[in-house]
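Comments concern the structure below.
The values are calculated or read from the model by the stated rules, or taken from the named source; none is laboratory data. All values derive from a computational prediction rather than experimental measurement. FYI the Cβ positions are ideal-geometry reconstructions off the backbone, even for glycines, and counts take in every protein chain you see. Each accessible area value is taken on the protein alone, full model and side chains, heavy atoms only, with ligands, DNA and RNA left out. Shrake-Rupley method; radii C 1.70, N 1.55, O 1.52, S 1.80 Å.
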Amino acid sequence: MTTIGIIGAGNIGSQVARKAIENGYDVVISNSRGAETLAELVAELGPKATAGTSAQAAEAAEVAVVTVPLNAYADVPVEQLAGKIVIDTNNYYFERDGHIAALDNGETTVTGMLQKHLPTSRVAKGFNHITAADITADSFPTGDPARRALATASDFADASAFVTKLYDEFGFDTVNIGPLEESWRVERDRPAYGIRQTTAELEANLAKAPRTV
């Protein structure tokens, strides 16, 4: 079974870890404060979870989830993630991250920035427009009409395919936006951000998203 390395043990990272373990994955989780601060979380997650540094989580990972504040993305290990699929959950909050002109002006995307930082990894956007609690509380079986849809984007087909697989296992449908240059459509303050929506509703919200907000 695939080992998922989670870089960032905040709300999203912890919830992804819970659902991953529920679906049989092994998890290595890290944060910026040290593995010892994750003892309680690892005890809750059980024997399929271990804690480490971000470098250790990246090294152990067959697939990694990066869920750190955008202003810390440059600290994500590069060498240890070479050749691996990396799922980016990040969003741009200028109140926290400071203004980034290339994002404000629509010249790049949040996940495109991480892809540039990780040139030998295959980065995909995922889990950025759902609240942490809903990752575990709002999942439904395949085919259920109440099933929620989530978006992904990547320049690599296998990375998008893995996110689609993971979404399905977690209880969500997928809308593939396409390449990372289109991933702004599901970023903060766009119509698809943060709301519960079906596949058709998500597709409509992506289509009407403005490039800058």
Unit charges at the beta carbon, dipole of the stretch 3-208: most positive-side option, Thr136, Thr89, Gly13: Thr136
Enter the accessible area of Tyr193 (Å², nearest 10), with the probe set to 1.4 Å and all protein chains included. 60 Å²
Roughly how far apart, in whole Å, are the Cα centres of the stretch 106-152 and the stretch 54-93? 14 Å
Might you report the magnitude of the Cβ-based charge dipole of the stretch 3-208 about its Cα centre, with Lys and Arg at +1 and Asp and Glu at -1, to the nearest 20 debye? 140 debye
Restricting to DSSP H runs of at least four residues, report the calculated mean residue ellipticity at 222 nm for the chain, -39500 (n - 2.57) per run over all residues, nearest 500 deg cm²/dmol. -9000 deg cm²/dmol
Which cross-chain or sequence-distant (5 or more) residues have an amide H under 5 Å from the amide H of Leu150, H modelled 1.01 Å from N in plane? Asp173, Thr174, Val175
Between Glu181 and Glu22, how high is the FRET efficiency from 1/(1 + (r/R0)^6) when r is the Cβ-Cβ distance and R₀ = 30 Å? Nearest 0.05. 0.35
FRET efficiency for Thr131 and Val78, Cβ-Cβ distance as r, R0 = 30 Å, nearest 0.05? 0.50
Work through the residues other than Gly171 whose Cβ is under 11 Å from its Cβ and net out their charges, Lys, Arg +1 and Asp, Glu -1. -4
Carbon and sulfur together cover what percent of the accessible area of the chain at a 1.4 Å probe radius? 53 percent
Would you list which lysines come within 30 Å of Lys19, measuring only between C-alpha atoms, while excluding same-chain residues fewer than 8 positions from it? Lys48, Lys84, Lys116, Lys125, Lys165
Cα-based Rg and Dmax for the chain, in Å, come out at 16.1, 46
Put +1 on the Cβ of each Lys and Arg and -1 on the Cβ of each Asp and Glu in the stretch 3-208; which of Pro69, Ala43, Ala207 then has its Cα farthest toward the positive end of the dipole? Ala207
What accessible area per residue comes out for the stretch 87-213, rounded to a whole number of Å², with a 1.4 Å probe? 42 Å²
By the C-alpha gyration tensor axes a ≥ b ≥ c (rounded if a/c is under 1.5, else prolate when a/b exceeds b/c, else oblate), the shape of the stretch 46-141 is oblate
Is the shape of the stretch 134-213 rounded, prolate or oblate, going by the alpha carbon gyration tensor and its root eigenvalues a ≥ b ≥ c, with a/c under 1.5 for rounded and a/b larger than b/c for prolate? oblate
